[in-house]
Amino acid sequence: MRNNIVAGNWKMNNDATQTTELINDLNKALEEVSINCRVLISPTSINLTSAVALTEDSVIEVAAQNMHQAKNGAFTGEISAAMLNDVGVKSVILGHSERRTYFGENDQILTEKVASALENNLEIIFCFGELLQDRKSGNHFKVVESQLKNTVLSLNAASWEHIVLAYEPVWAIGTGETASPEQAQEMHAYIRSLLVSTYGISVAENVSILYGGSVKPTNAKEIFSKEDVDGGLIGGASLKATDFTGIITAF
Ligand code: 13P
């Protein structure tokens, strides 16, 4: 079922105390507004357990920022899908451009991560998006198509009940430069057309496609008003309760 979603990717920010404070602030702020979307936050892995406990009676859901593809074993520093399950985390972000750029995650690794997440009944927020040079050279549709064809577009139709897509043009992440609502809509419609041609209209219509890249309370409403934009994956502006609440209430 296609939902509107606002998800906050905290990246490597917020220690244990700050995590508790921000979640308490959000719980309070969200009690006072009307909410017309799913709300997720994604703290660092060391704080996932406390985040799950602090959101037990809240609308907020908790997602991990990453996981390893293997079931278990000699992978120093990593955590598995089963471990996320074990602490009550139900969703995981995979394929973020920072993971691709700084940690060498490629289509092959991401395909394995997606398979492992699905085996463990985790919802996946799958990120992808072109570099500035791709957009400048007019290759952005081709790049996005290949990122999807080499990974999630080979899944069976039933898997799409557990997948949310997040288009994050790399040139818009943390730069203050947002894709225009028209640019976002154009790409999201293209992504949905790929889903239609691969799986048919009923699957395609039920997939939530989020936009990420410098979304703020001031621009969220316009971006979210576009037909194929079903919400946002928010970095910097998810670190302040007032800003994140402002984005959530844009729906
Ligand atoms: P910003 O909102 O800080 O641009 O980050 C977007 C992002 O990377 C979310 O995953």
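Using the Kirkwood radius over Cα pairs, work out the Stokes-Einstein diffusion coefficient for segment 192-251 at 4 °C and 1.567 mPa s, in µm²/s as a whole number.
105 µm²/s
Using alpha-carbon pairs under 8 Å, 6+ residues apart, how would you state the relative contact order of the chain in percent?
22 percent
So how strong a dipole does segment 1-147 carry about its Cα centre when Lys and Arg Cβ are +1 and Asp and Glu Cβ are -1, to the nearest 20 debye?
With only Lys, Arg, Asp and Glu charged at Cβ, the dipole is about 480 debye.
How far apart, in nm, are the 7 Å Cα→Cβ label points at Asp57 and Ala115?
Simple spin-label model gives 4.4 nm for this pair.
What are the extents of the Cα atoms of the chain along their three principal axes, in Å, largest first?
Per principal axis, max minus min of the Cα coordinates gives 46, 44, 34 Å.
Which cross-chain or sequence-distant (5 or more) residues have an amide H under 5 Å from the amide H of Gly212, H modelled 1.01 Å from N in plane?
Under 5 Å from the amide H of Gly212: Tyr167, Glu168, Leu233.
How many percent of the accessible area of the chain is carbon or sulfur, using a 1.4 Å probe? Kindly include the intermediate steps, with their values, before the conclusion.
Numbers: 5780 of 11350 Å².
Carbon and sulfur atoms account for 51 percent of the accessible area of the chain.
For the chain, with a Gaussian network of springs between Cα atoms less than 10 Å apart, report the residue from Val152, Val144, Val33 with the top mean-square fluctuation.
Val33
How far, in nm, would the chain grow between Thr101 and Ala82 when pulled straight, counting 0.36 nm per residue and subtracting the alpha carbon separation?
Taking Thr101 through Ala82 to full extension adds about 4.3 nm, to one decimal.
By how many nm would the segment from Asn156 to Val203 grow when fully extended, if each residue of separation counts as 0.36 nm and the alpha-carbon distance is taken off?
Full extension from Asn156 to Val203 adds 15.9 nm.
Tell me which of Ala115, Asn14, Ala250 sits at the most positive position along the dipole axis of the chain, charges placed on C-beta atoms (Lys, Arg +1; Asp, Glu -1).
Positive-end residue among those listed: Ala115.
Report, to one decimal in Å, the Kirkwood hydrodynamic radius for segment 118-251 based on all distinct Cα pairs.
15.2 Å
If you plug each phi of segment 96-102 into the Karplus form 6.51 cos²θ - 1.76 cosθ + 1.60 with θ = phi - 60°, what whole-Hz ³J(HN,Hα) values come out, in order, with x for Gly and Pro?
Result, rounded to whole Hz: 4, 4, 5, 5, 5, 6, 8.
Looking only at Gln147, Gln65, Gln183, which one moves most when the chain is put into a Gaussian network model with springs between Cα atoms under 10 Å?
Greatest mean-square fluctuation among the candidates belongs to Gln183.
Using R₀ = 35 Å, calculate the FRET efficiency as 1/(1 + (r/R₀)^6) where r is the Cβ-Cβ separation of Asn27 and Asn139; round to 0.05.
According to the calculation, E is roughly 0.20.
If you build a Gaussian network model of the chain, linking Cα atoms that sit under 10 Å apart, which residue out of Ala184, Ala16, Ala158 swings the most?
Ala158
Per residue, how much accessible area does segment 14-146 show when a 1.4 Å probe rolls over the protein heavy atoms, in square angstrom?
Ligands and nucleic acids excluded, the figure is 50 Å² per residue.
The values are calculated or read from the model by the stated rules, or taken from the named source; none is laboratory data. Quick caveat, the model's predicted, so the values are computed rather than measured. Every residue, glycine among them, receives a Cβ derived from its backbone with ideal geometry; neighbour counts consider all protein chains shown. Heavy atoms of the whole protein, side chains included, go into the accessibility calculation; ligands, DNA and RNA do not. Shrake-Rupley method; radii C 1.70, N 1.55, O 1.52, S 1.80 Å.
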